[in-house]
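Single-structure report; data block below.
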Amino acid sequence: MDQKAVPYRDGLFHVPPNWSRATNYGFRTFDPPMKPPSQNQRAHLALLATAFIWGLNYAISKYLLTGIFTPLQLIFLRLAGGVSCFYIFQKFFVHEKVARKDLILLALLGVLGFGLNQTLFYAGLAYTSPVDASILHVINPILVLIFSSFLIGEKVTLRKTGGIALGSSGALLLIFYSSGLSFSGNHALGNIMIIMNMVCYAIYLVLIKPLTGKYHTATILKWVSLFGFIFIIPFSIKPALEIHFSAISTNTWLLVLYVIVMNTFIAYFLVNYALERVMPSVVSYYTYLQPFIAAAASVTVGSGTITWTKILAALLIFSGVALVNSGSKKETLKEVPERS
């Protein structure tokens with residue numbers, strides 16, 4: 001008799017708990033346990049969530065910078081809150097120390113990934129538009145691929161190049177269809193800052209890669225965010241003291257909370273989690289999803305519409321994702337032990 005189907009009679013047979021009754025036939029059939037997602041799949045899910053979080057950030061940050069906070073005020077609030085979140089999490093859930101020799105690298109990563117990266121982003125966004133910023137962020141995967149090939153020896157393959165070409169064409173089609181890239185007036189200064197922001201973040205993604213296999217994500221981010229916060233304190237403490245806290249509405253504080261908890265704590269946590277399992281170029285590729293997510297969000301709230309151009313752009317972006325991911329299983333790092 002097939003071991004997967006035996007007559008069901010209560011009291012006659014010992015039936016394992018993961019067997020289920022087949023309807024109307026008096027048989028119990030074995031339901032094999034669902035296979036959990038691989039570490040590679042979990043890394044891509046983490047990156048997808050990060051792209052969604054950061055895709056919403058353009059409009060939220062632009063709103064906060066429009067007569068409510070200055071760039072230095074917002075970066076002070078973001079890093080002060082982010083450092084607190086990382087410190088509390090690491091204090092209670094991860095008991096780990098870092099080697100003194102790694103503190104120099106962690107300090108450099110703090111300056112690049114938190115201090116300069118985020119300061120340049122907010123300063124640039126104050127002068128330019130969310131559309132221009134999202135256009136320029138499309139260069140991030142290209143920069144990461146270039147830096148990672150030189151600094152950590154990541155292979156530049158035809159598949160990755162093709163995926164980047166598809167993704168960038170889709171992202172640019174989506175954004176240029178709505179508005180062109182401007183380099184006039186203050187836009188020029190803002191866009192140059194956004195480009196510098198992307199250079200800093202690209203180097204950060206590449207240099208932090210070796211540490212992700214050595215320390216827990218919480219440990220890395222606690223030190224990196226702390227060094228980044230220390231770096232910006234001399235420039236931001238005076239503007240921060242000028243914030244009129246009582247004049248800020250509850251809804252505005254909720255948006256600030258999103259920037260701190262979602263955009264900083266959770267998003268950076270997910271990025272580092274993914275970096276343990278896939279290469280930096282794969283991580284950076286999800287930048288291409290951010291303009292699409294921003295457009296989808298505008299449709300959801302009724303401020304945008306679905307057009308054939310946007311559908312074509314989405315197909316190009318997701319085709320590029322599929323092409324990059326088609327060989328990512330071969331390039332996935334060896335299984336990383338899940339840390340408690």
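Residues considered: N140, N117. Of these, the only one that is within 15 Å of V259 (Cβ to Cβ), in contact with a helix residue (DSSP H, G or I) (Cβ under 9 Å, 6 or more places away or on another chain) and of a type in the set (S, T, N, Q) is N117. Residue-level analysis places V299 outside the set of residues that are in a helix (DSSP H, G or I), modelled with pLDDT under 90 and over 30 Å from F69 (Cβ atoms).
Taking the stretch 236-255 as the range and being polar (S, T, N, Q), part of a helix (DSSP H, G or I) and within 30 Å of the chain's Cα centre (by Cα) as the test, the residues that pass are S236, T250, N251, T252. With the structure loaded, tell me whether F121 is buried (at least 23 other Cβ atoms within 10 Å of the Cβ) and in a helix (DSSP H, G or I) or whether it fails that test. Spelling it out, F121 is indeed buried (at least 23 other Cβ atoms within 10 Å of the Cβ) and in a helix (DSSP H, G or I). All conditions but one from (1) more than 20 Å from the chain's Cα centre (by Cα); (2) in a loop (DSSP other than H, G, I, E, B); (3) modelled with pLDDT of 85 or more apply to Y215; the one that does not is (1). Looking at S246, S236, S225, S284, just one residue is modelled with pLDDT under 90, more than 27 Å from G320 (Cα to Cα) and not acidic (D, E), and that residue is S246. Among the residues here, I68 qualifies as over 21 Å from the mean Cα position of the chain (by Cα), β-branched (V, I, T) and buried (at least 16 other Cβ atoms within 10 Å of the Cβ). Exactly one residue among V278, V271 is aliphatic (A, V, I, L, M), surrounded by 13 or more Cβ atoms within 10 Å (Cβ to Cβ), at pLDDT below 90 and in contact with an Asp or Glu (Cβ under 8 Å, 6 or more places away or on another chain), and that residue is V278.
Any idea which of (1) surrounded by fewer than 20 Cβ atoms within 10 Å (Cβ to Cβ); (2) more than 30 Å from W253 (Cβ to Cβ) is the one P141 doesn't satisfy? (1) is the only condition that P141 fails. Just one of F86, F92, F69 is among the aromatic types (F, W, Y), in a helix (DSSP H, G or I) and more than 22 Å from L205 (Cα to Cα); which is it? Exactly one of F86, F92, F69 is among the aromatic types (F, W, Y), in a helix (DSSP H, G or I) and more than 22 Å from L205 (Cα to Cα), namely F92.
Among all residue pairs at least 6 apart or on different chains, which show Cβ distances below 9 Å where the first residue, located in the stretch 184-205, is closer than 17 Å to S134 by Cβ and at pLDDT below 80 and the second is part of a helix (DSSP H, G or I) and among the β-branched types (V, I, T)? Qualifying pairs under 9 Å: N191/I135.
The values are calculated or read from the model by the stated rules, or taken from the named source; none is laboratory data. Treat the numbers as computed from the prediction; the structure is a model and nothing was measured. Neighbour counts are summed over all protein chains in view; Cβ atoms, including those assigned to glycine, are modelled from backbone coordinates with ideal geometry.
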